Amino acid sequence: MQLRTALKNPTVALGHYTITFIQDMGRIALFFLKGFLLIFSIPLQINKVLQQIYFIGMKSIFVICLTGGFTGMVLGLQGYYLLVKYGSTGVLGSAVALSLIREMGPVLTAIMVIARGGSAMAAEIGIMRISEQIDALETMDIDPIRFLVSPRIAAALISFPLLTALFDVVGILGGYLTGSVLLGLNPGLYFTRVETSVAMVDVTGGFVKSLVFAVIVVSICCYQGFYTHTRAEFGAKGVSQSTTSAVVLSCVLVLIADYALTTFLL
């Protein structure tokens with residue numbers, strides 16, 4: 001009752017929610033660290049990791065290709081009509097490739113995986129929590145974080161860079177389809193610009209972002225599902241709240257991390 005009264009003061013409410021957010025980020029970081037270290041515990045869970053690679057990576061290929069293709073096509077279309085005003089349509093390949101590799105590829109890949117795989121992870125682990133399956137694992141002296149979270153962390157760290165690379169390649173081809181096939185830009189000029197403008201540092205920066213996004217997504221989604229029982233609502237409604245929180249928080253932190261990483265990598 002006293003807390004509710006105090007939270008009516010905007011300054012107190014801001015401080016309370018800020019401290020709570022920082023505490024939650026610390027808990028998520030420790031949760032990820034434990035899960036990451038348990039990846040290397042013996043015996044290795046290779047089969048579980050492969051299952052999660054299939055779930056996170058293979059099952060996301062279609063949506064990644066679809067999103068990457070149309071993103072590249074839109075970039076090619078918008079870039080062409082912007083550059084034609086300045087007589088610089090020859091640099092369209094550079095504009096599309098660098099936009100995808102540096103920024104849009106890692107970010108949109110992460111958001112698509114959050115929508116398809118992250119929400120499923122949060123819901124699956126949340127249902128296991130409310131149905132007492134996690135409690136059963138603890139009763140059998142099986143570490144639930146090692147059993148449920150560590151394979152997902154390993155799979156995400158492997159899958160995210162590969163999906164990002166696929167997104168970039170399909171997006172560049174989408175830009176070629178719009179710029180060269182539909183609008184008549186010289187195909188040789190387009191791919192020459194792609195080749196000469198993209199440096200290894202750009203590719204490396206994109207992969208670094210994808211790894212950081214993998215950590216953010218899998219940590220938050222697994223954490224939200226794992227601690228579903230700590231929410232005010234119980235049962236199916238608690239799982240829905242955890243899943244929603246996982247998706248929203250993951251997307252927001254991916255965008256924040258993208259800005260921070262871009263500042264350091266430029």
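Tabulated data for the structure shown
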{"quantity": "Residue list for region 170-185, restricted to those being over 16 Å from GLY69 (Cβ atoms) and either touching a residue at least 12 places away in the same chain (Cβ under 8 Å) or surrounded by 15 or more Cβ atoms within 10 Å (Cβ to Cβ) (or both)", "calculated": "LEU183, LEU185"}
{"quantity": "Tally, over region 30-57, of residues that are farther than 13 Å from VAL218 by Cβ and among the aliphatic types (A, V, I, L, M)", "calculated": "7"}
{"quantity": "Selection within region 131-143 - part of a helix (DSSP H, G or I) and surrounded by fewer than 18 Cβ atoms within 10 Å (Cβ to Cβ)", "calculated": "GLN133, ASP135, ALA136, LEU137, GLU138, THR139"}
{"quantity": "Among (1) of a type in the set (A, V, I, L, M); (2) within 25 Å of LEU148 (Cβ to Cβ); (3) buried (at least 16 other Cβ atoms within 10 Å of the Cβ), the one test that ALA97 misses", "calculated": "(2)"}
{"quantity": "Some residue of region 201-208 being under 15 Å from VAL107 (Cα atoms), among the acidic types (Asp, Glu) and surrounded by fewer than 18 Cβ atoms within 10 Å (Cβ to Cβ)", "calculated": "yes"}
{"quantity": "Complete set of residues in region 71-94 that are farther than 14 Å from LEU182 by Cα and surrounded by fewer than 19 Cβ atoms within 10 Å (Cβ to Cβ)", "calculated": "LEU82, LEU83, VAL84, LYS85, TYR86, GLY87, SER88, GLY90, VAL91"}
{"quantity": "All positions within region 13-60 that are among the small types (Gly, Ala, Ser) and either closer than 13 Å to SER150 by Cβ or over 17 Å from the mean Cα position of the chain (by Cα) (or both)", "calculated": "ALA13, GLY15, GLY26, GLY35, SER41"}
{"quantity": "Filter result for GLY93 (modelled with pLDDT of 90 or more and within 13 Å of ASP168 (Cα to Cα))", "calculated": "no"}
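Yes or no, residue by residue, for (1) touching a residue at least 24 places away in the same chain (Cβ under 8 Å); (2) part of a helix (DSSP H, G or I); (3) in contact with a Leu (Cβ under 8 Å, 6 or more places away or on another chain); (4) within 21 Å of LYS209 (Cβ to Cβ):
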{"site": "PHE31", "(1), (2), (3), (4)": "yes, yes, no, no"}
{"site": "LEU44", "(1), (2), (3), (4)": "no, no, no, no"}
{"site": "VAL84", "(1), (2), (3), (4)": "no, yes, no, no"}
{"site": "VAL96", "(1), (2), (3), (4)": "yes, yes, yes, yes"}
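The values are calculated or read from the model by the stated rules, or taken from the named source; none is laboratory data. This structure is a prediction, so every number in the text was calculated from the model and none was measured. Please note: Cβ atoms are built from the backbone with ideal geometry, for glycine as well, and neighbour counts cover all protein chains shown.
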